[in-house]
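Participant: Below is a structure I'd like to ask you about.
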Amino acid sequence: MTRSASLLAAASLVVGCPSSADSPDETPSRGLPEGSSTWSGTGEANGFSFLVEFELVNTNGDLAGTATVADDPDDPFGLGEGSFSVIGTHAPESGKLAFAPTGWLQSPVLPIELLGATGLYDIDDGTITGQLRDWSDQADNTLRGGALNLTMSDGGGDPTPIGDEGESLADGSQEFSGTLQCTGPVRDVEGTLT
């Protein structure tokens with residue numbers, strides 16, 4: 001070993017070599033817990049507040065589960081209780097997530113539309129904050145969305161790592177095309193999601 005090589009080796013031992021975790025380019029994961037988790041909190045729509053619970057299964061950023069909505073016992077408005085299935089996606093780099101309903105499992109007393117949601121997961125607080133989103137039920141598209149606030153009440157697997165987003169959408173603009181049918185005929189649609 002040459003003298004300069006031994007000095008370099010000694011300096012590495014004294015000050016330590018930087019690891020890949022010390023790299024300023026590495027972004028920490030904001031990933032939801034893998035596996036099953038339960039989230040409880042409140043939602044708002046059309047000026048009404050109600051209780052919300054999501055039972056989710058996260059598989060590499062692909063989300064599936066059940067959402068339950070119910071009257072707040074302190075301020076009921078006749079909603080009753082209902083549950084619907086959801087699917088969604090999660091981007092562990094940003095913590096962003098989105099859910100879309102797939103159908104009622106149990107309709108509530110008050111006939112409301114299915115609700116989707118967009119939000120942001122805070123890994124430090126174990127919370128999801130976001131917005132409930134309208135989801136048209138054929139001829140009825142009148143329910144306005146509102147705030148969504150959830151806290152993890154059960155679960156807690158390892159966070160989804162960055163680069164393991166499953167079928168989630170990539171960052172940036174995405175082109176799409178397909179067909180759409182509400183109350184009229186089937187129509188061709190295309191657009192850009194940004």
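Participant: So how far apart, in nm, are the two label points at residue 57 and residue 189 if each is 7 Å from Cα heading toward Cβ?
Facilitator: The answer from the label model is 2.8 nm.
Participant: Assuming 0.36 nm per residue, please report the length gained on full extension of the stretch residue 94 to residue 81 beyond their Cα-Cα distance. Mind showing how you got there, number by number?
Facilitator: Details: separation 13, 0.36 × 13 = 4.68 nm, distance 3.25 nm.
Roughly 1.4 nm would be gained on extension.
Participant: Taking the beta-carbon count within 10 Å as an exposure proxy, list 50, 99 from fewest neighbours to most.
Facilitator: Placing the least packed residue first, the sequence is 50, 99.
Participant: In what order do 187, 30 fall by count of nearby beta-carbon atoms within 10 Å, going from fewest to most?
Facilitator: By the 10 Å Cβ count, ascending, the order reads 187, 30.
Participant: So how do 175, 81, 44 line up by other beta-carbon neighbours within 10 Å, fewest first?
Facilitator: Lowest to highest Cβ neighbour count: 175, 81, 44.
Taken together, the values in this text are just the output of simple stated rules run on the coordinates, not laboratory data. Fair warning: this is a prediction, and the values are worked out from it, not measured in the lab. A quick note on method: Cβ atoms are made from the backbone with ideal geometry, for glycine too, and the neighbour counts reach across all protein chains shown.
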